[in-house]
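Engineer: Let me begin by handing over the structure; questions about it come next.
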């Protein structure tokens, strides 16, 4: 990691077309400005981490694990009021009050 010390108003270049300028420094932190081509993606690290976590979570569990969990839940918490339709049988209309 390259570590540089810059004061407000000073800048540095990354490559030929990305400029990072220190705009202000306070006790709370530094305010920086970034000049880059529109096609350059600039993303805060915490957003990148969240994006990666969301992508990983979207992959989900393998289908077999989900099926096993559903079967386990149905077997252990069978509600007597819950009627499951069996394939090939017509659905019954709900009782009307």
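Engineer: Scan region 38-65 and report the pairs whose first residue is within 22 Å of residue 17 (Cα to Cα) and whose second residue is surrounded by 10 or more Cβ atoms within 10 Å (Cβ to Cβ) and modelled with pLDDT of 80 or more, with Cβ atoms within less than 7 Å and a gap of 6+ or a chain change.
Structural biologist: These pairs meet every condition: 40/18; 42/34; 42/36.
Engineer: Would you confirm whether or not region 76-88 contains a residue that is at pLDDT 70 or above, out of contact with any helix residue (DSSP H, G or I) (no Cβ under 9 Å at 6 or more places or on another chain) and not in a helix (DSSP H, G or I)?
Structural biologist: no
Engineer: Continuing with the same structure: Taking only region 25-36 into account, find how many residues are more than 11 Å from residue 8 (Cβ to Cβ) and either at pLDDT below 95 or over 27 Å from the mean Cα position of the chain (by Cα) (or both).
Structural biologist: So the count comes out to 3.
The values are calculated or read from the model by the stated rules, or taken from the named source; none is laboratory data. If you're wondering where the values come from, they're calculated on a predicted model, not measured in any experiment. Please note: Cβ atoms are built from the backbone with ideal geometry, for glycine as well, and neighbour counts cover all protein chains shown.
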